[in-house]
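Here is the structure we will look at, set down as structure tokens.
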Amino acid sequence: MSTPIVGLIMGVIFGASLVLTGLTNPDKIIGALRLKDFYAIRIVVVFLLVSMLGTLILDLFGAANFSIKPAVILTVLIGGALLGTGLGLTGFSPATGLASAASGRVDALVTVIGMIFGAHVYILIYPSIVIPLEKILNFGSVTLPEITGTSATLWIVPIFAVGSLILFITRSREPRYDEHRIKAGNSGINPAFPVPLGSISISGEKGLPLKSECLKAACVFRRWKNLLFLVLLLCLLLLQGTFWLVSTGQVEIAENTNTGMTVVLDADQAAAPAKESPSPWLFGFDMTFERLTSIVRITNIIIVLTSVLYVLILYFGMGVSFKGELGGLSHMCGALYMALIIFVLLLPWRNFFGPIAMGATYTPGELASWCTTDISDTLGMVLFYLRFTGYWALVMLLLLLAQWRSFRWAKAILR
Amino acid sequence: MEKSNNRTPPLPWWAAGILLGLVQVLAIALVKPMGVSKQFVVADAKVLEHVAPEYSDNHPLLSDEQYKKFGYGWWFNIGIVLGAFLAALHLRVWKVRTVSAWWKRNHDAPVLLRLIAGFCGGVLLLLGARFAYGCITEHFIGGWTQLSLSAIPFTITLFGFGMLVAYLVYPKAPNRFRREE
């Protein structure tokens, strides 16, 4: 696919996105390097995480074209230093310099001319300087998983954690959108409209601080609500993924499953779904049923606790918007109602009432017993998928609806 | 001059990051991670091939086949220029500018000095990019995307020197970065 026309199209897309994202502005880059303006940092972090995740997914399908750079530590160190110096001096990287020159910056154009000269210098010094240096500390084109002998996931998780941490740290310095709205709302309301929303009980000097306090509290609640929603969503997805891993036989169920529930497995039944268990796209991470068991257990705990917190947050959010007369109560009531249903559905009722009642979460033992019993008839099949996927989809739908309603609430009160 | 451009970035940060990430994923799916800097060497190699053919034939780098033809990468760079031009026209931000706000604040806007600094920076940029086998897009983003070992030393010196030099060259922040905006 490396034809000129594909290159041209990709270049047009990339150049246009560089301008669209504003990275062509050297002030953004310098501001980022001086830690004054976090816009570029946050873009680059998201850029990195998204492309990493996308590459991971591509790799699952075997569609990723890698081009690993040789790890010649010394030249890479020197190169990084030179590149950093140039970046700090001009505020352009080679790609943004090109794009910036095309958007009318004369200094970027001069930088591009400088880069052509730089290429010439590189050609001139290549035989005498670069070739000897390349022989020192040359590890070849290796990746971190290859060198450490671990799976790629083990590397990606901490990188994601670091990226999220950077996003979290840089978040607080930015003036928040909501706070702007609150401030704008206050300054707008204070002189011109003494009584907001024609309120009855709260009025004058006492009412306004309360209202703005309630708005701030609602912002905090909204933030936590969104975080909890994300956690809940991820856990539910993880749980469903686990189910599919087991039910499609990617992970075989071990014979001696001590999964808490009374699972009696016949030896030949357990041996039946034995395929090559560590599937290729888990990056050699040896996924056994024991590990899945612990994952499912931890996920269950997180799900139940998070759903409790989610309900409570929605409840308090409703209380705050009621007290501060912020509006959006109908949305919040709907969201709270749905969150309560989610909570009820998610509880592991099976542990209390036995097999007649069950929650959307499942214990590893339950999964093992369902998956190992031989289901041949259609009804059993339907029941099987209804129990694990249908139930889950119902909870997911409710969760999305609750989030949608509470989003409407947030929109209504922050209007 | 740059005010409107600087204050309101065309996209919110998350959308911008996702957009760039998706472009990178597309590039990895179609060809390979995006890279820019090598084509500058290719351009120079082309010129040298005409000016000094025997030098370029004996040169260990220029005699390599991949520096001899204008292929995917070359057109990728042309595309960047074209796409950026069109996008700037579309967003109505195309404007002849010579100095940035940071430069103006710290150096009282002598244009010539800015252009000289830009030129020197450009030389260093490309020299560094080729020493490290790739520019920022290629080596920092692409390197971490592929979890290559070389991304670690590159990141350390890139940001170490970048922040140091930016601190030395631009010690004072322009007013618009203060909070009261």
Result of the Cβ filter at 6 Å on region B:99-114, keeping first residues that are among the charged types (D, E, K, R) and partners that are surrounded by 14 or more Cβ atoms within 10 Å (Cβ to Cβ), at least 6 apart or interchain, is B:Arg105/B:Pro174; B:Arg114/A:Asp107; B:Arg114/B:Val99; B:Arg114/B:Trp103
Can you tell which of B:Lys95, B:Lys172 is facing chain A (nearest Cβ under 7 Å), part of a loop (DSSP other than H, G, I, E, B) and over 18 Å from the mean Cα position of the chain (by Cα)?
B:Lys95
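Against the definition (closer than 21 Å to B:Pro12 by Cβ and not in a strand (DSSP E or B)), how does A:Phe66 come out, yes or no?
Criteria not met by A:Phe66.
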Without any contact (Cβ under 8 Å) to a residue 60 or more places away in the chain, part of a helix (DSSP H, G or I) and of a type in the set (Ser, Thr, Tyr): does that describe B:Thr155?
yes
Among B:Ile28, B:Ile80, which is the only one that is within 20 Å of A:Ile68 (Cα to Cα), at the interface with chain A (Cβ under 7 Å from one of its Cβ atoms), open to solvent by less than 80 Å² (accessible area, probe 1.4 Å) and touching a helix residue (DSSP H, G or I) at 6+ places or on another chain (Cβ under 9 Å)?
B:Ile28
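Search region A:1-43 for residues being more than 7 Å from chain B (Cβ to nearest Cβ) and assigned to a helix (DSSP H, G or I), and hand back the single one that is most open to solvent (accessible area, probe 1.4 Å).
Top of the filtered list is A:Ile5.
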Some residue of region B:48-68 being free of Cβ contacts under 8 Å to residues at least 24 places away in the same chain, assigned to a helix (DSSP H, G or I) and open to solvent by less than 10 Å² (accessible area, probe 1.4 Å):
yes
Of the residues A:Leu109, A:Leu56, A:Leu49, which is in a helix (DSSP H, G or I) and either facing another protein chain (nearest Cβ under 7 Å) or within 17 Å of B:Trp14 (Cα to Cα) (or both)?
A:Leu49
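The values are calculated or read from the model by the stated rules, or taken from the named source; none is laboratory data. Source: prediction; values computed, not measured. All Cβ positions, glycine included, derive from the backbone under ideal geometry; neighbour counts span all protein chains shown. Note: areas computed on protein heavy atoms with side chains; ligands, DNA, RNA excluded. Shrake-Rupley method; radii C 1.70, N 1.55, O 1.52, S 1.80 Å.
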